[in-house]
1. Please tell me if residue 193 is touching a strand residue (DSSP E or B) at 6+ places or on another chain (Cβ under 8 Å) and on the phi < 0 side of the Ramachandran plot.
2. Could you list, in sequence order, all residues of the range 83-126 that are within 22 Å of the chain's Cα centre (by Cα) and surrounded by 14 or more Cβ atoms within 10 Å (Cβ to Cβ)?
3. Any chance the range 289-309 includes a residue that's at pLDDT 95 or above, in the same structural domain as residue 113 (by TED's automatic domain parsing) and under 26 Å from residue 220 (Cβ atoms)?
4. Does residue 133 count as out of contact with any helix residue (DSSP H, G or I) (no Cβ under 8 Å at 6 or more places or on another chain) and modelled with pLDDT under 90?
5. Of all residues being assigned to a helix (DSSP H, G or I) and either outside the structural domain of residue 109 (by TED's automatic domain parsing) or without any contact (Cβ under 8 Å) to a residue 24 or more places away in the chain (or both) in the range 257-282, which is surrounded by the most Cβ atoms within 10 Å (Cβ to Cβ)? Just the residue, please.
6. Can you name every residue in the range 49-66 that is touching a helix residue (DSSP H, G or I) at 6+ places or on another chain (Cβ under 7 Å) and farther than 18 Å from residue 204 by Cβ?
7. Somewhere in the range 198-212, is a residue farther than 21 Å from residue 251 by Cβ, in contact with a strand residue (DSSP E or B) (Cβ under 8 Å, 6 or more places away or on another chain), at pLDDT 95 or above and in a loop (DSSP other than H, G, I, E, B)?
């Protein structure tokens, strides 16, 4: 009798435990599904097709990207090792790249007036000639950051992202509110771009900041400056011809020309990536690739180079 009672008690406890676990799983799934609920409503309100948005965000590969956004939260440009791109090995790879895409680079330089060495240097730093592009999902990164406009979502990420990092709540709130507005603009641009080019948004991967392709363009820049370099009727920044033409078009728009001096060159490159370390690295690589074309003229702009620690 005692044995039967023990078995009965065991099965009752087991049933209770299973019920609790099921409730927790259901609650967790509901919470996960609600991360982007407000975001979806905002996108639909802003003109995106409701059926398409609901279908897109119901995919299992679309989820809240805690890890990637946490990395972006603590990103510091000064900690990046830009010297690696000017190493003999990197310069040799750059020369090989220029030989492989010689025709495209020369035609682009002629059409846009942008030095092929500068374009090559940017592609080396941004994606190491297209070999480093498979980071987190661009849709997940931008959706996660955009959803931080919701205080509840912001609070959830705060608990997750700051467990192993020293970060004040005040600084986090300021960052999250600023980035959520920026990310929403980029998310809308990304969805417009992928719809226009008939690309599955959930199949595009890039940086933890949401940059895409060989040239690492943000989606708003894709819409504004990206070019169809190989004339195949599509803009695909995962192809070298389109990436090369898009970089050249971007730099030309901000003032690059065939006779540009170094001071002006620094300002234009600074528009591509607002980092003095980045500007220094691009120009250094370009000089190493072709010392005869090193930019000369005015002294470097103190507003830019004065900030550099190099």
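The values are calculated or read from the model by the stated rules, or taken from the named source; none is laboratory data. The shown structure was predicted, so the numbers you read here are calculated from the model rather than taken from an experiment. With ideal geometry, Cβ positions are generated from the backbone for all residues, glycine too; neighbour counts draw on all protein chains shown.
1. Values: touching a strand residue (DSSP E or B) at 6+ places or on another chain (Cβ under 8 Å): no; on the phi < 0 side of the Ramachandran plot: yes.
It is false that residue 193 is touching a strand residue (DSSP E or B) at 6+ places or on another chain (Cβ under 8 Å) and on the phi < 0 side of the Ramachandran plot.
2. Those that are within 22 Å of the chain's Cα centre (by Cα) and surrounded by 14 or more Cβ atoms within 10 Å (Cβ to Cβ): 85, 118, 119, 120, 121, 122, 123, 124, 125, 126.
3. Looking through the range 289-309, none of the residues is at pLDDT 95 or above, in the same structural domain as residue 113 (by TED's automatic domain parsing) and under 26 Å from residue 220 (Cβ atoms).
4. Working: out of contact with any helix residue (DSSP H, G or I) (no Cβ under 8 Å at 6 or more places or on another chain): no; modelled with pLDDT under 90: yes.
Against the criterion (out of contact with any helix residue (DSSP H, G or I) (no Cβ under 8 Å at 6 or more places or on another chain) and modelled with pLDDT under 90), residue 133 does not qualify.
5. First, the residues of the range 257-282 that are assigned to a helix (DSSP H, G or I): 262-272, 276-282.
Cutting the leftovers down to either outside the structural domain of residue 109 (by TED's automatic domain parsing) or without any contact (Cβ under 8 Å) to a residue 24 or more places away in the chain (or both) gives us 268, 271.
Numbers: 268: 20, 271: 14.
It comes out as 268.
6. Going through the range 49-66, the residues touching a helix residue (DSSP H, G or I) at 6+ places or on another chain (Cβ under 7 Å) turn out to be 50, 53-54, 56-57, 59, 61-66.
If the condition is that a residue be touching a helix residue (DSSP H, G or I) at 6+ places or on another chain (Cβ under 7 Å) and farther than 18 Å from residue 204 by Cβ, then 50, 54, 66 are the ones that fit.
7. Yes, because at least one residue in the range 198-212 is farther than 21 Å from residue 251 by Cβ, in contact with a strand residue (DSSP E or B) (Cβ under 8 Å, 6 or more places away or on another chain), at pLDDT 95 or above and in a loop (DSSP other than H, G, I, E, B).
Listed here are the residues, each with its yes/no results for (1) touching a residue at least 12 places away in the same chain (Cβ under 8 Å); (2) more than 17 Å from the chain's Cα centre (by Cα).
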{"site": "198", "(1), (2)": "no, yes"}
{"site": "203", "(1), (2)": "no, no"}
{"site": "206", "(1), (2)": "yes, no"}
{"site": "215", "(1), (2)": "yes, no"}
{"site": "218", "(1), (2)": "yes, no"}
{"site": "228", "(1), (2)": "yes, yes"}
{"site": "234", "(1), (2)": "yes, yes"}
